Amino acid sequence: MIRLQRGPGILSLAIPLLCAVASAESSSPAPHPSADAIMARVARLQDQAQAERARYVYVQHATVSSRRGHTIHCQEITDTRIAPSVSGSHEQLLNLNGRVLIKGRYVDYHTLSADKGHPEDNDAVSIEIGDDDSDRDMVENMRKNLLGTGSKDGINANLFPLTTKEQAGEEFLYVGRERLNGRDVDHVTFRPKDKSDFGWKGDAWTDTVTGEPVVIETALSRRIPAAVRVLLGTNVPGLGFTVVYAPQPDGVWFPASFSTEFQIHVLFFFRRTIIIDAQNRGFEKTYVSSRILGEATPELPPNP
């Protein structure tokens, strides 16, 4: 306890000391919310964002590569317009610049392999190992399954446990408050509650003011058992994804970029590194659901 006494100079010394103590007490950091509370807020915002994101049309610029060592076997650069719909989104491929390594030389192409008569598989990677177009098929299937899934975000929503439904099986741990991408963020780690589950683990950095995710990183929570790898002849070491979010002028947050690099081993001899980098850009706000029907054909005036 500080006792004030009368006398020359005593009061003038005590007042600054009291102010310093009060300032120190007021500047002490407020207790942070729990990891569960932070992620519950993220889930509520993500649930609400689905309707808000449905008001936007944008272009996704994506580069997908299949590589062995330092050699690129196939690479596709695409621009896809994504427009909202009631149930998800509609996609229109605007540009495709691809090249595939065939018998030691690169062959350029500008159409999807499905347009050349190749069978299309909507649910899984369908590859004829040893075929000259196996890398091309793999690249296009990876882009379709990880990006082109009808999501309003332009990213497969099952890769990140953000919504209420997806968070149900996760447990969270608060790491601390940090500075990231020019924002104060809360850092939370997550992993499946069931330790035997092959779900996602990773890190989430969320804005301390808005509660929106700023960066999310995920990886497989555990390795595929050796018995399964031997049985299926498939392994995907290093599988994981990173997504960066940014706000639009009206305050709606959207995934701004998506990236991943992982290996895939098929049938013990087919080994590739898959690299995906996608950027969402050119956002335009709409006020009704829209659907891309194709290029309009102008009507010609009747012959005189």
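Ordering HIS110, HIS73, HIS32 from the fewest to the most neighbouring beta carbons within 10 Å gives HIS110, HIS32, HIS73.
Put simply, the amide H of PHE254, placed in the peptide plane, has neighbours under 5 Å in ALA246, GLN248, leaving out anything fewer than 5 places away on its chain.
Note on ARG81, ARG44: ascending count of other Cβ atoms within 10 Å places them as ARG44, ARG81, the fewest first. Extension gain for GLN48-ASP250 works out to 71.3 nm (0.36 nm per residue, less the C-alpha to C-alpha distance). Backbone amide hydrogens, once placed in the peptide plane, bring TYR56 within less than 5 Å of THR286, excluding anything fewer than 5 places away on its chain.
Just add up the charged neighbours of THR206: K/R +1, D/E -1, any other residue whose Cβ is under 9 Å from the Cβ of THR206. After counting each charged neighbour, the total is -2.
Residues whose amide H comes within less than 5 Å of that of GLU171, counting only those at least five positions distant or on another chain, are ARG191, LYS193 (H built at 1.01 Å from N in the peptide plane). The fewest-to-most ranking of SER257, SER34 by surrounding Cβ atoms within 10 Å reads SER34, SER257.
Taken together, the values in this text are just the output of simple stated rules run on the coordinates, not laboratory data. Computed from a predicted structure; not experimentally measured. Glycine also receives a Cβ, built like all others from the backbone with ideal geometry; neighbour counts cover every protein chain displayed.
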